[in-house]
C-alpha cells in the first residue's frame, strides 16, 4: 500500500465531471479518480472547512461510527476492475477491526472527516496507468502532461 493525500479536486474539461486527485506525499505518483458531483461536494466542503447547521451524510456516518465505539483507522483504494475503483474503510472498535466495502469517493470523504490516512494498493497505481491510449501513449504520461499544463488555479480545492 502507498500512503496518499488529497491533492485537490478539479474538473475534467471534456466531460465536466469532478476528478479527485490523490498524491503520494513522498513521491511523484498521482492517481486521478473521476467521482460524482455529490461526493465532490462532500470532499470539497471538508477541504474548505465548511460547516453546516445539520450533519451531512458523511458527517452522520462518522457520528454513527463514533457512537458505536469505533474509529476510522484508515481507508484503502484496493482494486481497479473494469474502470471502477473499489475501496475499504477499516474500522477499529471494541470487537476488533472490521473492513467495510465502499466507493473510494465516500471512503475518502469519511477519511477526511475522521483525519484517517488514505492508502492505495500499488497494483491499483500500476493498473490505472497500464493501458495505452489510442495514440500509443501510456496513460501515466498523458495524465502527467495534463497535470503539468494545469494552472494551480485550475484546482477548485487544494490541500
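Quick notes on this structure:
- Overall form of region 1-134 per C-alpha gyration tensor (a/c, 1.5; a/b vs b/c): oblate
- Between residue 70 and residue 50, the FRET efficiency from the beta-carbon distance, with R0 = 25 Å, is close to 0.50.
- Here the calculated FRET efficiency for residue 63 and residue 34, from their Cβ-Cβ distance with R0 = 22 Å, stands at 0.20, rounded to the nearest 0.05.
- Inter-probe distance in nm under a simple model that places probes 7 Å from Cα toward Cβ, at residue 82 and residue 115: 4.0 nm
Each value in this text was obtained by applying a stated rule to the coordinates, not by laboratory testing. Here the structure is a predicted model, which means the values were calculated and not measured. No Cβ is skipped: glycine too gets one built from the backbone with ideal geometry, and neighbour counts run over all protein chains shown.
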